[in-house]
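The values are calculated or read from the model by the stated rules, or taken from the named source; none is laboratory data. Bear in mind that the values here come from a model prediction, so they are computed numbers and not experimental data. So basically every Cβ, Gly included, is an ideal-geometry build from the backbone, and we count neighbours across all protein chains shown. Each accessible area value is taken on the protein alone, full model and side chains, heavy atoms only, with ligands, DNA and RNA left out. Shrake-Rupley method; radii C 1.70, N 1.55, O 1.52, S 1.80 Å.
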Amino acid sequence: MLLLPLLLLPLGLAVEVKRPRGVSLSNHHFYDESKPFTCLDGSATIPFDQVNDDYCDCKDGSDEPGTAACPNGSFHCTNTGYKPLYIPSNRVNDGICDCCDGTDEYNSGVVCENTCKEKGRKERETLQQLAEVTREGFRLKKLLIEDWKKAREEKQKKLTELQAGKKSLEDQVETLRSVKEEAEKPEKEAKEQHRKLWEEQQAVVKARREQELAAEAFRELDDDSDGLVSVAELQTHPELDSDGDGALSEAEAQALLGGDAQTDAAAFYDRVWAAIRGKFRSEALPPDLLAASAADAAASQEEQPPAPSPPPEEEDEHEDEDEEGEAAEGEEAEEEEEEEEAEAPGEPPNEAPPPLAPPQPASPTEEDKMPPYDEQTQALIDAAQAARSSFDEAERSLKDMEESIRSLEQEISFDFGPDGEFAYLYSQCYELATNEYIYRLCPFKLVSQKPKQGGSATNLGTWGSWAGPNHDKFSTMKYEQGTGCWQGPNRSTTVRLLCGKETVVTSTTEPSRCEYLMELTTPAACPEPPPEPPSGDHDEL
């Protein structure tokens, strides 16, 4: 029972120590009324009665602690019940109460209310609240540390299992790769054999079609049906003209016949047909032969002599059509003149059938499409596909496992603070909405800013490093290399970590252009609180 009065006794005696106005308790021994006063900077020594005489004798103003005489002096507010305070001497007796106990306005005529006890009470409440936050935050911090220890052990165990299983899965992938490759060999051979057989059949069909087309052309050119096509008979088809004058001369016709005067059907197919195939225009080609030859028209163009400047295939066809059209128009004009001379007046002219255009490429018919695979080939394809699917699935599993291993290795080795207290932030994101933007912080990853009215997010920096001072390294995070500013640097963000019972982004500012400052409260930032003081009421803080 005697302990508390004994503890309070020195405090009461300290308040009773006599000292000049404006002098702090810690400096009272410099002000002894029985001795001359020496300036605290040692610049002069003066009689003690010149202390607080409203005249500045010391360079440092220490002789006038209670007046406004010295421009560089300072006045000490005792502020019993609150915190002691120094104010500049020029505020003494200026009509404004700067000290909560009002001692700075002792001679100004202003009556100052002593608010020190009320301020002290509010200050104690604030300090108590901060102390409570610190205690609770530190308690949560210890839980976070324990959670990380357990999680780290589990992750390390899982990593060990994955690393052990990786070798087995790698062996499985290589085995399935060999199975796949072995299954693809007969599949490839069977598919190539199927295609080769189909192409051979197509070649036979194409050759037959071409022979039929040539035979029909030969019959049409053989005007006298003597089984031979002569130079004169060729000249009845001016579209075969080679020099562009609109008529097929005797020399040109003989050149087409290889220098002979006439040719039979066999020689016609072997030597002549290829030369006239692209220009010949049938006057009455049967529809079935025309349709059958349509798919081969483009291929036959390749057999013709090359043009001076080889255009695309479609342009070649249009040019051939233009030339043939001009020849046909000339031939029609000559025939009309002959018919007008031979026909009697008043009789309707005999209309000649218009020449048919050369066959145009058509869309592939059913018989031009490769037929389905036979059962044996399809079985080989199915077996190879099954082997490919098994290999692909195993390879995907291996890649997923490798990614999991990399992720675990990175997380386990990450610097989450002295005891891993910040580890819980690794997979979280926190947002703060302002009037214009939504700021998003994903610790150890990135910071972004997105307009509230819509639009894409802007990268304000990706994780860089811990950036606190040497004695408090884990108090600050640095995020760098964000989206570049217009004619400026890349955006960056500094995140200050403050003690709090909850994890919340409390503010975001832009102190400098493209450099952002964000504050995040978290239990992980709470220091260990000091021991709680013994209970009791005290007037001073």
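Annotations
- The stretch 428-541, dipole about Cα centre (Lys/Arg Cβ +1, Asp/Glu Cβ -1), debye to the nearest 20: 920 debye
- Loop-located chymotrypsin sites (Phe, Trp or Tyr not before Pro) in the stretch 67-139 whose Cβ has at most 16 other Cβ within 10 Å (DSSP): 106
- Residue 231 exposes around 20 Å² of accessible area when a 1.4 Å probe is run over every protein chain in place.
- In this structure the amide hydrogen of residue 437, modeled in the peptide plane, comes within under 5 Å of the amide hydrogens of 452, none closer than 5 places in sequence on its chain.
- Partners for residue 191 among lysines (Cα-Cα distance below 27 Å; same-chain residues under 8 apart left out): 180, 206, 369
- For the stretch 420-541, the carbon plus sulfur part of the accessible surface works out to 47%, probe radius 1.4 Å.
- Rough spin-label spacing in nm, given labels placed 7 Å along Cα→Cβ, for residue 399 and residue 436: 4.3 nm
- Residue-count net charge about residue 47 - beta-carbon cut-off 12 Å; Lys, Arg +1, Asp, Glu -1: -4
- Projecting the Cα atoms of 489, 443, 430 onto the dipole axis of the stretch 406-541, where Lys and Arg carry +1 and Asp and Glu carry -1 at the beta carbon, places 489 farthest toward the positive end.
- A Förster radius of 41 Å, combined with the Cβ-Cβ distance separating residue 429 from residue 392, puts the computed FRET efficiency at roughly 0.75.
- Distance from the stretch 141-199 to the stretch 431-470 (C-alpha centre basis), Å: 37 Å
- With the convex hull drawn around the C-alpha atoms of the stretch 15-162, the volume per residue stands at 195 Å³.
- Derived scalar couplings between HN and Hα for the stretch 165-176 equal x, 4, 4, 4, 5, 4, 4, 5, 4, 5, 4, 5 Hz in order, rounded to whole Hz, by the Karplus curve 6.51 cos²θ - 1.76 cosθ + 1.60 (θ = phi - 60°), x for Gly and Pro.
- Ranking 45, 80 by solvent-accessible area of protein heavy atoms (1.4 Å probe, all protein chains present), from largest to smallest, gives 45, 80.
- Unit charges on C-beta of K, R, D, E only; dipole of the stretch 127-244, Debye: 2880 debye
- The Cα atoms of the stretch 386-492 give a gyration tensor whose axes a ≥ b ≥ c have a/c of 1.5 or more with a/b no greater than b/c, which makes the shape oblate.
- Volume of the convex hull of the stretch 369-427 (Cα atoms only), normalised per residue: 105 Å³.
- Phi to ³J(HN,Hα) by Karplus 6.51 cos²θ - 1.76 cosθ + 1.60 over the stretch 371-385, Hz, x for Gly, Pro: x, x, 5, 6, 4, 5, 5, 5, 5, 5, 5, 4, 5, 5, 5
- Dipole of the stretch 18-100, positive end: most advanced residue of 28, 85, 73 [Cβ charges, Cα centre]: 85
- About the Cα centre, charge dipole magnitude for the stretch 181-250 (Lys/Arg +1, Asp/Glu -1 at Cβ), debye: 580 debye
- Between residue 456 and residue 414, the simple spin-label model (points 7 angstrom out along Cα→Cβ) gives 2.6 nm.
- Inter-label distance, residue 199 to residue 376: 2.1 nm, where each label sits 7 Å from its Cα along the C-beta direction.
- Cα centroid separation - the stretch 492-535 against the stretch 19-62, whole Å: 45 Å
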